[in-house]
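Asker: Let me begin by handing over the structure; questions about it come next.
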Amino acid sequence: MGARLLKMSAIAALLAATPVHAQTIQGVVLDQELGSGVPNALVRLVDGGAEDLVVVSADSLGRFRLRAPRPGEYTLWAEGLGYETTRSPLLAVPNADAVYGVDLELTKRPLGLPGFEVTADRFATVDRRLRQLVGRNVASLRIAPIRRPRIEDHLARSHDVEDLVRWSAIPSIEIRQTPDGPCFLIRGGTRVRVPDSCAGVHLNGVLLGRRAVLALPLDLVETVVIVMPEESIAYPKGAILLYTAGWIG
């Protein structure tokens, strides 16, 4: 039941008042038992190579909307705090400028289990995957990864990624406020001097806009990796990398 797809149909008429410029997928993430929406659930659009292409956060009613980059075949992954991660069957999205409706159900985790299982083996799994993405062992980074136990220390005070970074007291990061959201300036490169620029914030490998950073529920983040300038060829200007339990598997 956890991955049961409820509907998949073109519903362009429902959004007739809204201009559509790409393949749009929208729907609701539902609690399988209650039938109600799951607030702030994360929905990921994944291609055939298991790469996340788009990541969005559902609203307070569990509703989401995203745009596929091109026609093709995709799966949707959804995850929420206290629920098993679920994915849809393969979705064919053949038509440009069409809107497709997909509702997904999440099954609650068995009672008595924590939202995340934190073990040494799990950390090792995360680190192996991160080494492939960052290009080096995360243990060699100047800033140690922020793991789930430290994140949970902040949840009672805030669900905000900006506050997590600020309260972690990392002297090499300056946070500037902009009309669109926080700008993270990461300093510390030694060989190349570049003008101040906001470091990218990536969720499961997908670059987030600043407003999306503000809307991201910290509850679903399991690991935060901060890459300093020049530490990684993949992120030469530095980056803040966020990963959810669903991405880790």
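The values are calculated or read from the model by the stated rules, or taken from the named source; none is laboratory data. Quick caveat, the model's predicted, so the values are computed rather than measured. Virtual Cβ from ideal backbone geometry, glycine too; neighbours counted across all protein chains shown.
Asker: Out of the residues in the stretch 153-163 meeting the condition of being surrounded by fewer than 16 Cβ atoms within 10 Å (Cβ to Cβ) and either modelled with pLDDT of 80 or more or not assigned by TED's automatic domain parsing to the domain that holds Arg211 (or both), tell me which one is farthest from the chain's Cα centre (by Cα).
Answerer: If we filter the stretch 153-163 for residues that are surrounded by fewer than 16 Cβ atoms within 10 Å (Cβ to Cβ), which is where we start, we get 153, 155-158, 163.
Among the residues that remain, those that are also either modelled with pLDDT of 80 or more or not assigned by TED's automatic domain parsing to the domain that holds Arg211 (or both) are: 153, 155, 163.
Numbers: Asp153: 20, Leu155: 17, Asp163: 17 Å.
Of everything passing the filter in the stretch 153-163, Asp153 is farthest from the chain's Cα centre (by Cα).
Asker: Might you check whether a residue that is within 16 Å of Thr244 (Cβ to Cβ) and modelled with pLDDT under 80 occurs anywhere in the stretch 133-143?
Answerer: Step one: filter the stretch 133-143 for residues within 16 Å of Thr244 (Cβ to Cβ), giving 133.
Still in the running and modelled with pLDDT under 80: 133.
Looking for residues that are within 16 Å of Thr244 (Cβ to Cβ) and modelled with pLDDT under 80, one finds at least one in the stretch 133-143, hence yes.
Asker: Turning to a different aspect of this structure: Considering each residue of the stretch 128-143, count those that are surrounded by 14 or more Cβ atoms within 10 Å (Cβ to Cβ) and assigned to a loop (DSSP other than H, G, I, E, B), and give that number.
Answerer: Taking the stretch 128-143 and keeping what is surrounded by 14 or more Cβ atoms within 10 Å (Cβ to Cβ), we get 129-131, 133-134, 136, 138, 141, 143.
Checking which are assigned to a loop (DSSP other than H, G, I, E, B) leaves us with 136, 141, 143.
Matching residues across the stretch 128-143 total 3.
Asker: Quick one: Ser88 ticks every box in (1) modelled with pLDDT of 90 or more; (2) touching a Lys or Arg at 6+ places or on another chain (Cβ under 8 Å) except a single one, so which number is it?
Answerer: Exception for Ser88: condition (2).
Asker: Considering only the stretch 234-243, I want to know if a residue exists there that is loosely packed, with under 14 Cβ neighbours inside 10 Å, modelled with pLDDT under 85, more than 30 Å from Thr86 (Cα to Cα) and out of contact with any strand residue (DSSP E or B) (no Cβ under 9 Å at 6 or more places or on another chain).
Answerer: no
Asker: Taking the conditions exactly as written (among the charged types (D, E, K, R) and at pLDDT 80 or above), does Arg147 satisfy them or not?
Answerer: Working: among the charged types (D, E, K, R): yes; at pLDDT 80 or above: yes.
Against the criterion (among the charged types (D, E, K, R) and at pLDDT 80 or above), Arg147 qualifies.
Asker: Something else: Somewhere in the stretch 53-68, is a residue within 23 Å of Asp97 (Cβ to Cβ) and of a type in the set (S, T, N, Q)?
Answerer: Our first condition is that a residue be within 23 Å of Asp97 (Cβ to Cβ); within the stretch 53-68, this holds for 53-56, 63-68.
Filter once more, so that each one left must be of a type in the set (S, T, N, Q): none.
Scanning the stretch 53-68, I find no residue that is within 23 Å of Asp97 (Cβ to Cβ) and of a type in the set (S, T, N, Q), so the answer is no.
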